[in-house]
Amino acid sequence: MQTVTIATLGTSLTAYSQPWQTMLAHKLRQGTGKNVVVYDFGISGASSALGLANLAKPLHVRPDIVSIEYTINDSYSPYGISVAQSKTNTLALISAFKANDPDVKLFLTILNPPVAGQPTDTARPNYPAYKAMYADLVAADSSLTLLDCSAAWGSPTLAAIPDGLHPPLSSKIQYEFPVTVPAFQAAF
C-alpha cells in the first residue's frame, strides 16, 4: 500500500488541540485506499516568520503534500508583519520545500475567517489583503494550489466558532473537510 505523507504548517488553526489531522488522515484513507500520514507542524501563535525558523522537522519528513497556513496570524496587527513581508516569508517556505523535493505538492491554505466584529476580527483589519496575497502567489505559480475554506464558512457566528477564531472539531469537519479532503485526494 502506497503511503502519502502530508505536513500541515501554520497557526493555532492548524495546531488546534483537537485531533483534526487524525480525522483528516482517516477520511483520506477511506476515499483512496492509501496509507495517509498527516503531520501537525502547526504552532499556536505562529507567523510565517516562525514557520521559517522551524522548518527542519517538516523538511525532514519529506512530505508528498504540504499545507502552509499563516495568513490569519501574519495579518494580526500586533505582529506588525506587512503583506510584503508575509509574501517574502511564504515564498521562502515554498522554495525550501521545492528544494527538498521538486515534486512536492504545495497548498497555500486559508482555513476559517474570524467571527466578524469580535476582537479576533478587529485585530486583523487587513486580513483580506493577506488572503489575496496567497491567491496572487497561486495565480503566478501553477505548481501551487490555493486551498481556501473561507467561502465554505461564509460569515461564521459564535455558534460555529465560540471564541471567535478557533472552531471546535465538529465545525472544522462540517465546514473545512468538504473542501480539504477532495483537494488533498486530487493531489495523490
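Just so it is clear, none of the values below were taken in a lab; they were calculated from the coordinates. Since the model is a prediction, treat every value here as computed from it, not as a measurement. Here the Cβ is made from the backbone with ideal geometry for all residues, glycine too, and neighbour counts use every protein chain on show.
Pairing residues of the range 16-40 that are within 18 Å of Asn112 (Cβ to Cβ) with residues that are hydroxyl-bearing (Ser, Thr, Tyr) and surrounded by 18 or more Cβ atoms within 10 Å (Cβ to Cβ), at Cβ distances under 7 Å and at least 6 apart in sequence or on separate chains, gives Gln21/Thr8; Leu24/Thr180; Asp40/Thr8; Asp40/Thr14.
When restricted to residues that are touching a helix residue (DSSP H, G or I) at 6+ places or on another chain (Cβ under 7 Å) and either outside any loop (DSSP other than H, G, I, E, B) or touching a residue at least 60 places away in the same chain (Cβ under 8 Å) (or both), the range 160-188 contains 15.
Scanning the range 145-159 for residues being surrounded by 18 or more Cβ atoms within 10 Å (Cβ to Cβ) and either in contact (Cβ under 8 Å) with a residue 40 or more places away in the chain or assigned to a loop (DSSP other than H, G, I, E, B) (or both) gives a total of 6. Just one residue in the set Asn112, Asn89 is part of a helix (DSSP H, G or I) and touching a residue at least 40 places away in the same chain (Cβ under 8 Å); that residue is Asn89. Scanning the range 99-106 for residues that are surrounded by fewer than 21 Cβ atoms within 10 Å (Cβ to Cβ), in contact with a Pro (Cβ under 9 Å, 6 or more places away or on another chain) and of a type in the set (D, E, K, R) turns up at least one hit.
Residue under question is Ala135, and the condition is that it be free of Cβ contacts under 8 Å to residues at least 40 places away in the same chain, under 14 Å from the mean Cα position of the chain (by Cα) and within 25 Å of Val179 (Cα to Cα); does it hold? Before the answer, list the steps.
Details: free of Cβ contacts under 8 Å to residues at least 40 places away in the same chain: yes; under 14 Å from the mean Cα position of the chain (by Cα): yes; within 25 Å of Val179 (Cα to Cα): yes.
Yes; evaluated as a whole, the condition is true for this residue.
Residues in the range 1-34 that are outside any helix (DSSP H, G or I), surrounded by fewer than 18 Cβ atoms within 10 Å (Cβ to Cβ) and touching a helix residue (DSSP H, G or I) at 6+ places or on another chain (Cβ under 7 Å): 1 in all.
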